[in-house]
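The values are calculated or read from the model by the stated rules, or taken from the named source; none is laboratory data. Note that the structure is a prediction, hence the values are computed from the model and not measured. As a convention, Cβ positions derive from the backbone with ideal geometry for all residues, glycine included, and neighbour counts pool all protein chains shown. The protein model used for the area step is the full one, side chains on, heavy atoms only, and it has no ligands, DNA or RNA in it. Shrake-Rupley method; radii C 1.70, N 1.55, O 1.52, S 1.80 Å.
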Amino acid sequence: MTTNRTRRARSLLAVPALAATVALVLAGCGSRAGDAPAAAESDAAAPASCIDTSGDTIKLGFLNSLTGGMAISEQTVSNVLHMAADEINADGGILGKQIEYIQEDGATDWPTFAEKTEKLLTQDCVAAIFGGWTSSSRKAVKPVVEENNGLFFYPVQYEGLESSPNIYYTGATTNQQIIPAMDYLAAQGVKTLFLAGSDYVFPRTANAIIKLYAEELGIEIVGEEYVPLDKDDWTTQVSKIVAADPDFVFNTINGSSNVGFIKAYYDAGLTPETTPIISVSIAEEEAPAMGHEVTGNYASWNYFQSMDTPNNPAFIERWQAYPGSSGVTSDPMEAAYISLYLYKALVEAAGSFEVDDVNAAAAAGGITVDAPEGVVTLDGENHHISKPGNIGRINAENQFDIVWSSDGFIEPDPYLEGYDWFPADVRDALVAAAG
């Protein structure tokens, strides 16, 4: 077992690397991250809610990048939110009110996410907002929804180390995706690992956690490279992967930058047989868009289209028949689908659309959603949901053959408080850096 002395020693050894990581996490948050303290320091009371419940409809906001580098992933999230809203409306709505949704484009630009959030809350008077993908987009939204006492439902896996009374997280936190991926690699005998990520808060923070856990597992990190989210040229960085010759590459790249990474990977002569990749952002929709066959590489997700659960076949059928469908389901779009049904469950438990009432219903416990991935349960304290862990290997049809699954659902632990190898001082430093 890990002793307190060992934990302290690891913490001290990590300080130089941690200091560099903290600085880079701060830089990767984007310009809006600097706006968060201003919101926190404000003495002004939150404005009175302008949500209008007098009619037969309730307004909700959908905020997704429909343009820019993240559109490759977020367009589908937007479409499935529309599908969920249509389904709920056909079934009688929420508390008898039809959803009237207002779609906004975050344009892969974090200030735009903040500006659109404020518009949706203060001008459109929506009861809740659904969307985002990157952690930088979420960090931009967070101070705005907190200052205005709004609600934001975030559907994508992320680096953890966050909770907010104004945000509900239906994607995985670290212990539900990153930790299972590392456990799988260790079980496969992986001894060396190379980290490749986009240059912003999620990959920087996730990789700081990965490095600590790799030490615990006896895995050596033999390289770590980043490219800005809006850049696609990975030639120089992939040459370093070739030189390091790792057992596996852990990929925390997001958006269309993955296309450039995969191109450079194959151009350099790497293959899944010699240097396999495990990703946390390439799913069923992204795989065929890579420009190269990616058969044989891996991904860690909570939901795959290939999952055998009671609700999944009907979900796939409805999605494939929906106008504008991509034709395949994936983890982020399934988590977005869950988010609207989670909101419906919360509002109906509260008997109210008011934010404080919704949060009180969450805190009371017992909120579940019978989702395509299985029955998920909301943790009313940290606003995350339980999720199954799964590792999939990409096959020739760009679907995933599941090669590992967790024993039951994994309860969310966004601050990794249940893990001895993650010291409190490192946690506090990364939380402060991420904003």
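When the stretch 76-98 is examined, which residues are found to be more than 15 Å from residue 155 (Cβ to Cβ) and buried (at least 22 other Cβ atoms within 10 Å of the Cβ)?
Of everything in the stretch 76-98, just one residue is more than 15 Å from residue 155 (Cβ to Cβ) and buried (at least 22 other Cβ atoms within 10 Å of the Cβ), namely 94.
Which condition breaks for residue 229 when tested against (1) over 22 Å from residue 328 (Cβ atoms); (2) surrounded by fewer than 16 Cβ atoms within 10 Å (Cβ to Cβ); (3) within 26 Å of the chain's Cα centre (by Cα); (4) not acidic (Asp, Glu)?
All conditions pass for residue 229, except number (2).
To keep it simple, each residue is scored yes or no on (1) in contact with a Lys or Arg (Cβ under 7 Å, 6 or more places away or on another chain); (2) without any contact (Cβ under 8 Å) to a residue 12 or more places away in the chain; (3) assigned to a loop (DSSP other than H, G, I, E, B); (4) not small (Gly, Ala, Ser).
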residue: 60; (1), (2), (3), (4): no, no, no, yes
residue: 69; (1), (2), (3), (4): no, no, yes, no
residue: 73; (1), (2), (3), (4): no, no, no, no
residue: 80; (1), (2), (3), (4): no, no, no, yes
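Keeping to the stretch 295-354, report how many residues are acidic (Asp, Glu) and part of a helix (DSSP H, G or I).
4
Just to be sure before I move on: is residue 363 over 20 Å from the mean Cα position of the chain (by Cα), surrounded by fewer than 21 Cβ atoms within 10 Å (Cβ to Cβ), within 30 Å of residue 288 (Cα to Cα) and touching a residue at least 12 places away in the same chain (Cβ under 8 Å) in the structure I sent?
no
Of 186, 181, which residue is among the aliphatic types (A, V, I, L, M), over 30 Å from residue 68 (Cβ atoms), open to solvent by less than 50 Å² (accessible area, probe 1.4 Å) and at pLDDT 95 or above?
186
Given the condition farther than 24 Å from residue 200 by Cβ, open to solvent by less than 50 Å² (accessible area, probe 1.4 Å), in contact with a strand residue (DSSP E or B) (Cβ under 9 Å, 6 or more places away or on another chain) and in a helix (DSSP H, G or I), answer yes or no: does some residue in the stretch 100-118 qualify?
Checked the stretch 100-118: no residue is farther than 24 Å from residue 200 by Cβ, open to solvent by less than 50 Å² (accessible area, probe 1.4 Å), in contact with a strand residue (DSSP E or B) (Cβ under 9 Å, 6 or more places away or on another chain) and in a helix (DSSP H, G or I).
Just need a number here: residues in the stretch 181-205 that are within 28 Å of residue 256 (Cα to Cα), touching a Leu at 6+ places or on another chain (Cβ under 9 Å) and among the small types (Gly, Ala, Ser).
1
Could you tell me whether residue 219 is touching a Phe, Trp or Tyr at 6+ places or on another chain (Cβ under 7 Å), more than 23 Å from residue 110 (Cβ to Cβ) and crowded, with 22+ Cβ neighbours inside 10 Å?
For residue 219, the condition - touching a Phe, Trp or Tyr at 6+ places or on another chain (Cβ under 7 Å), more than 23 Å from residue 110 (Cβ to Cβ) and crowded, with 22+ Cβ neighbours inside 10 Å - is not met.
Here is a list of conditions, (1) touching a Leu at 6+ places or on another chain (Cβ under 9 Å); (2) surrounded by 17 or more Cβ atoms within 10 Å (Cβ to Cβ), and residue 368 meets all of them except one; can you say which number that is?
(2)
Considering only the stretch 132-164, state which residues are among the polar types (S, T, N, Q) and either assigned to a helix (DSSP H, G or I) or surrounded by 24 or more Cβ atoms within 10 Å (Cβ to Cβ) (or both).
Within the stretch 132-164, 134, 135, 136, 137, 157 meet the criteria.
Being under 25 Å from residue 265 (Cα atoms), in contact with a helix residue (DSSP H, G or I) (Cβ under 9 Å, 6 or more places away or on another chain) and either small (Gly, Ala, Ser) or part of a loop (DSSP other than H, G, I, E, B) (or both) is the filter here; which residues of the stretch 165-189 pass it?
181, 186
Yes/no per residue for (1) modelled with pLDDT of 95 or more; (2) under 30 Å from residue 289 (Cα atoms):
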{"residue": "37", "(1), (2)": "no, no"}
{"residue": "50", "(1), (2)": "no, no"}
{"residue": "58", "(1), (2)": "yes, no"}
{"residue": "63", "(1), (2)": "yes, yes"}
{"residue": "78", "(1), (2)": "yes, yes"}
{"residue": "83", "(1), (2)": "yes, yes"}
{"residue": "96", "(1), (2)": "yes, no"}
{"residue": "109", "(1), (2)": "yes, yes"}
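Among (1) surrounded by fewer than 22 Cβ atoms within 10 Å (Cβ to Cβ); (2) at pLDDT below 95; (3) over 24 Å from residue 201 (Cα atoms), where does residue 245 come up short?
Here residue 245 clears every test but (2).
So which pairs qualify, if the first residue must be in the stretch 321-348 and at pLDDT below 95, the second must be surrounded by fewer than 24 Cβ atoms within 10 Å (Cβ to Cβ) and of a type in the set (Phe, Trp, Tyr), the Cβ gap must be under 6 Å, and the two must be at least 6 apart or on different chains?
Listed pairs, sorted by first residue: 325/319.
Restricting attention to the stretch 228-235, does a residue exist that is in contact with a strand residue (DSSP E or B) (Cβ under 9 Å, 6 or more places away or on another chain), modelled with pLDDT of 95 or more, within 11 Å of residue 159 (Cβ to Cβ) and not aliphatic (A, V, I, L, M)?
No, the stretch 228-235 contains no residue that is in contact with a strand residue (DSSP E or B) (Cβ under 9 Å, 6 or more places away or on another chain), modelled with pLDDT of 95 or more, within 11 Å of residue 159 (Cβ to Cβ) and not aliphatic (A, V, I, L, M).
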